[in-house]
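Visitor: Next up is a structure, given as structure tokens.
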Amino acid sequence: MTDEAALHGEVIDEGPAGHRRRAHKAWRNAETIKRLSDRLIGLGPVGIGLDGVLAWVPGAGLAYGLGAGALLMFHAVQAKAGAATMARMLAYLAADNLSDTVPVLGWAVDTLFPGHLMAAKALQKDIESRHGPPDDVDVKRRKKVKAKAGKR
């Protein structure tokens, strides 16, 4: 969108390149959310993040879970994810947040259930199937590839 169009509130369709750019931005944001929520500390296939830690603080875990889940769904809408993907994401996020409402046992389940990670992966797979992976990400290893000097 041009700056002039933005000033006048006009919406300009940027075409496939714009959709791809927004989808890849959503892919990267989902990566950040899943790392913060469920993989700050990882030991093999098991990880813990802010969602698991905050689950033990009454109210804080639910607030974080709902906020991070809403942000993931916002990015799914921005990326124009498929309806089936969004339904799967909602199911993962609902299971994660509903467990937070039960004291102690629910908090333990929330600590171990990687709902945000699963929802983020579903979104990323949807984006990859429609737009391909972002250019700066090695999908097999899920790590950003360092840009070579002089190439941007």
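Visitor: With respect to S129, is the statement that it is exposed (fewer than 14 other Cβ atoms within 10 Å of the Cβ), out of contact with any strand residue (DSSP E or B) (no Cβ under 6 Å at 6 or more places or on another chain) and of a type in the set (S, T, Y) true?
Guide: Yes.
Visitor: In the stretch 68-79, what count of residues is obtained for those that are surrounded by fewer than 18 Cβ atoms within 10 Å (Cβ to Cβ), among the aliphatic types (A, V, I, L, M) and within 11 Å of the chain's Cα centre (by Cα)? Write out each step before concluding.
Guide: Start the filter on the stretch 68-79 by keeping residues that are surrounded by fewer than 18 Cβ atoms within 10 Å (Cβ to Cβ), which leaves 70-71, 73-74, 77-78.
With among the aliphatic types (A, V, I, L, M) added as a condition, the list becomes 70-71, 73, 77.
Adding the requirement that they be within 11 Å of the chain's Cα centre (by Cα) leaves 70-71, 73.
The number of residues fulfilling the criteria is 3.
Visitor: Determine whether the stretch 68-84 contains at least one residue that is in contact with a strand residue (DSSP E or B) (Cβ under 8 Å, 6 or more places away or on another chain), hydrophobic (A, V, I, L, M, F, W, C), at pLDDT 90 or above and at negative phi.
Guide: If we filter the stretch 68-84 for residues that are in contact with a strand residue (DSSP E or B) (Cβ under 8 Å, 6 or more places away or on another chain), which is where we start, we get none.
No, every residue in the stretch 68-84 fails to be in contact with a strand residue (DSSP E or B) (Cβ under 8 Å, 6 or more places away or on another chain), hydrophobic (A, V, I, L, M, F, W, C), at pLDDT 90 or above and at negative phi.
Visitor: Quick check on I41: is it under 30 Å from L105 (Cβ atoms), touching a strand residue (DSSP E or B) at 6+ places or on another chain (Cβ under 6 Å) and at pLDDT 85 or above?
Guide: So I41 passes the test.
Visitor: Which of the residues belonging to the stretch 94-106 are without any contact (Cβ under 8 Å) to a residue 40 or more places away in the chain and farther than 20 Å from G67 by Cβ?
Guide: V104, L105
Visitor: On the basis of being under 23 Å from G49 (Cα atoms), modelled with pLDDT under 95 and part of a helix (DSSP H, G or I), does L93 make the cut?
Guide: Judged against the criteria, L93 is not a match.
Visitor: I would also like to ask the following. Could you tell me which of the residues G52, G65, G59, G82 is over 24 Å from R22 (Cβ atoms), surrounded by fewer than 18 Cβ atoms within 10 Å (Cβ to Cβ) and not aliphatic (A, V, I, L, M)?
Guide: G59
Visitor: Across the stretch 107-138, what is the total count of residues that are assigned to a helix (DSSP H, G or I), touching a residue at least 12 places away in the same chain (Cβ under 8 Å) and of a type outside the set (A, V, I, L, M)?
Guide: Count: 12.
Visitor: Still on this structure: Taking the options A87, A91, name whichever one is under 30 Å from R20 (Cβ atoms), without any contact (Cβ under 8 Å) to a residue 24 or more places away in the chain, small (G, A, S) and out of contact with any helix residue (DSSP H, G or I) (no Cβ under 9 Å at 6 or more places or on another chain).
Guide: A87
The values are calculated or read from the model by the stated rules, or taken from the named source; none is laboratory data. Predicted model only: the values in this text are computed from it and were never measured. Cβ coordinates were reconstructed from backbone atoms using ideal geometry, including for glycine residues, and neighbour counts include every protein chain displayed.
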